[in-house]
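Below you'll find the structure, written out as structure tokens, and then a few comments.
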């Protein structure tokens, strides 16, 4: 297994293992997409370590079940759920407004939610659905919560952390990386390339925000994370259930489970080893090599301006 220098963690490490001994009782975190897969495991492990977890979810009924499971295992855990549909800017704005109105601090923001391989669809805001959900919704959410994070960081004298879950698929986007003039072009839409485009946008968003924070001397780090190859319900549009079952049975060695898949997210969100590291791409609990377009500073700046225009 590959290891990060100075770290004892590998691709096989679980989220519990990488956070062992860490006290998060003074921290508050938002985790999007926390009702299943690595999002639910991330929420569980953060709560296990004492973090006050706010689950940003589309389905409050499912979130209630996840919350009850966490509380059954850890009765003193602090877990709440708030409705959040990242494909709708109105929903994102309401979530952010409600969170800010609550007066809660915000130390950690984990942009985890995502969809994969959908047929061509437009969001409520008339943006291609994968780009809208995986990038634009999180871009807007992060933007709306920045003042709260900055205030928390200043008052607590503790580094804030933003973790953006991406994928190694960011290398497989359309030619040119981001099709700024063809985001909604149905005729040339390819569902996997569109997914990869949204994941490249995640990497570029993290890098540009990290660059801006460094310029402003803000004590908040921003990193992107590849969780590994995991078959969860994110694959429901791309991998049929029968094929998923076969893959799990015969090539399970090539896949991570949710406990392993959530480890890099939890590592980057909580571990002292990551303090001060920003604008990096992590995989298997170590800094990894990002695709060439993910290192493109000008593309990141162009995406930032493009995204700002979309959320106006």
Checklist entry - What are the pairs, 6+ residues apart or on separate chains, where a residue within segment 43-56 that is surrounded by fewer than 24 Cβ atoms within 10 Å (Cβ to Cβ) has its Cβ under 9 Å from a residue that is part of a strand (DSSP E or B)? => result 52/28; 52/29; 52/79; 52/80
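If I go through segment 101-122 residue by residue, how many of them are assigned to a helix (DSSP H, G or I) and surrounded by 15 or more Cβ atoms within 10 Å (Cβ to Cβ)?
The qualifying residues number 0.
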Checklist outcome for this item: Expected output for segment 20-40 (first residue at positive phi and surrounded by fewer than 24 Cβ atoms within 10 Å (Cβ to Cβ), partner in a strand (DSSP E or B) and at pLDDT below 95, Cβ below 9 Å, 6+ apart or cross-chain) is none
Next on the checklist: Within segment 57-95, take every residue that is under 16 Å from the mean Cα position of the chain (by Cα) and either outside any strand (DSSP E or B) or free of Cβ contacts under 8 Å to residues at least 12 places away in the same chain (or both) and give me the one that is nearest to residue 191 (Cα to Cα).
Outcome noted: 87
Checklist entry - Of (1) in a helix (DSSP H, G or I); (2) farther than 18 Å from residue 108 by Cα, residue 9 satisfies all except one. Which? => result (1)
Checklist entry - So which residues in segment 17-30 are within 18 Å of the chain's Cα centre (by Cα) and assigned to a helix (DSSP H, G or I), if there are any at all? => result 18
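The values are calculated or read from the model by the stated rules, or taken from the named source; none is laboratory data. Everything numeric in this text was worked out from a predicted model, so none of it was measured. Don't worry about glycine lacking a Cβ; one is built from the backbone with ideal geometry, like all the others, and counts go over all protein chains shown.
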